[in-house]
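Colleague: The structure's right below; bear with me while I get my questions together.
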Amino acid sequence: MLGRPHAQPDRGDAPAGAPAEPRGRRADGPLGPAPDQSAELRGGHLPGALRDAAAGGAGPRGRFHPAHLGRADHAGGPGARTGRGRHLDGARLWESTFGLGKPLPEIAGLFDSVYVSFYKSLEGMSGAALAGTQDFVDQARVWRHRYGGMLFQQWPAALSAMHGLDTVLPKLGAQVAHAKVVAEAMGLPEPHTHQFAFHLPGDPARLTELSGKFLGSFWQDGSLAKTEVTVAGPAMEWTADEVREAWAEFQSLL
């Protein structure tokens with residue numbers, strides 16, 4: 001009823017012009033590919049402007065919470081209060097517009113530099129883009145090379161990123177809206193994007209077996225079992241009644 005699981009190819013390094021992204025853990029299910037849990041590159045390992053941008057000035061450890069968005073546009077521009085660069089980890093930037101109710105230029109314009117993924121949400125093979133001042137990008141280009149991000153023949157990754165921008169990005173709004181339908185049918189809080197994590201008590205292997213094609217694979221996350229749901233592809237065809245029925249059947253097996 002859900003259709004085929006959405007398989008993902010292996011990921012290499014980022015396409016030319018972008019720093020490499022570490023590969024994370026995935027659990028694909030028929031609701032689409034689960035988002036990666038990518039490792040973070042800590043600011044303490046970076047020199048100069050890169051370290052300043054990673055440190056940020058908008059909150060604890062440089063993090064910028066969406067709740068700050070309303071008042072940040074009156075703060076005199078990026079980094080104005082601290083003199084340090086403000087960096088946006090925009091791994092989910094594409095779909096953030098729906099939760100924040102702001103267009104991409106307005107969100108990105110609050111920061112001195114912006115990272116955005118091409119394989120998260122856009123379903124590209126790999127890679128990301130890093131935007132900022134010329135000095136910042138010049139330094140990042142050097143460190144991209146030092147961290148192994150200059151693989152030969154990266155045009156397939158760049159091509160898949162361009163394909164995602166043309167064909168996947170326009171669908172995100174509908175996917176976010178349908179994710180709300182799926183979550184409501186399961187009795188879950190309303191998600192802000194088309195992807196959300198889901199925890200249950202129990203053995204991950206048993207939950208995976210019982211879930212079948214409904215929720216995909218579970219794995220251990222602390223004392224709970226976890227799966228990640230992406231509402232895209234075949235999941236867009238599920239009605240609220242079908243989700244509710246599958247969820248009730250799954251619960252009856254627990």
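Colleague: From the set of residues in region 214-250 that are of a type in the set (S, T, N, Q) and part of a loop (DSSP other than H, G, I, E, B), which is surrounded by the most Cβ atoms within 10 Å (Cβ to Cβ)? Explain how you work it out, then say what you get.
Modeller: At the first step, the residues of region 214-250 found to be of a type in the set (S, T, N, Q) are 217, 220, 223, 227, 230, 239.
Checking which are part of a loop (DSSP other than H, G, I, E, B) leaves us with 217, 223, 239.
Values: 217: 20, 223: 7, 239: 12.
Looking at the filtered set, the residue picked out is 217.
Colleague: Looking at this structure, is residue 177 assigned to a helix (DSSP H, G or I), over 21 Å from residue 101 (Cα atoms) and not polar (S, T, N, Q)?
Modeller: It is false that residue 177 is assigned to a helix (DSSP H, G or I), over 21 Å from residue 101 (Cα atoms) and not polar (S, T, N, Q).
Colleague: Applying the selection to region 110-137, what residues are out of contact with any strand residue (DSSP E or B) (no Cβ under 7 Å at 6 or more places or on another chain) and assigned to a loop (DSSP other than H, G, I, E, B)?
Modeller: 110, 119, 120, 121, 122, 123, 124, 125, 126, 127, 133
Colleague: Of the numbered conditions (1) assigned to a loop (DSSP other than H, G, I, E, B); (2) under 22 Å from residue 232 (Cβ atoms), residue 150 satisfies every one except a single condition; which is it?
Modeller: Just one mismatch for residue 150, condition (2).
Colleague: So which residues in region 98-114 are buried (at least 18 other Cβ atoms within 10 Å of the Cβ) and in contact with a Pro (Cβ under 8 Å, 6 or more places away or on another chain)?
Modeller: 110, 111, 112
Colleague: Mind listing whichever residues of region 181-197 are surrounded by 17 or more Cβ atoms within 10 Å (Cβ to Cβ) and either within 16 Å of the chain's Cα centre (by Cα) or without any contact (Cβ under 8 Å) to a residue 24 or more places away in the chain (or both)?
Modeller: 183, 191, 192, 193, 194, 195, 196
Laboratory data are not the source of any read-out in this text; all were calculated from the coordinates shown. Note that this is a predicted model, so its numbers are computed, not measured. Positions of Cβ are generated from backbone atoms using ideal geometry, with glycine treated the same way; all protein chains shown enter the neighbour counts.
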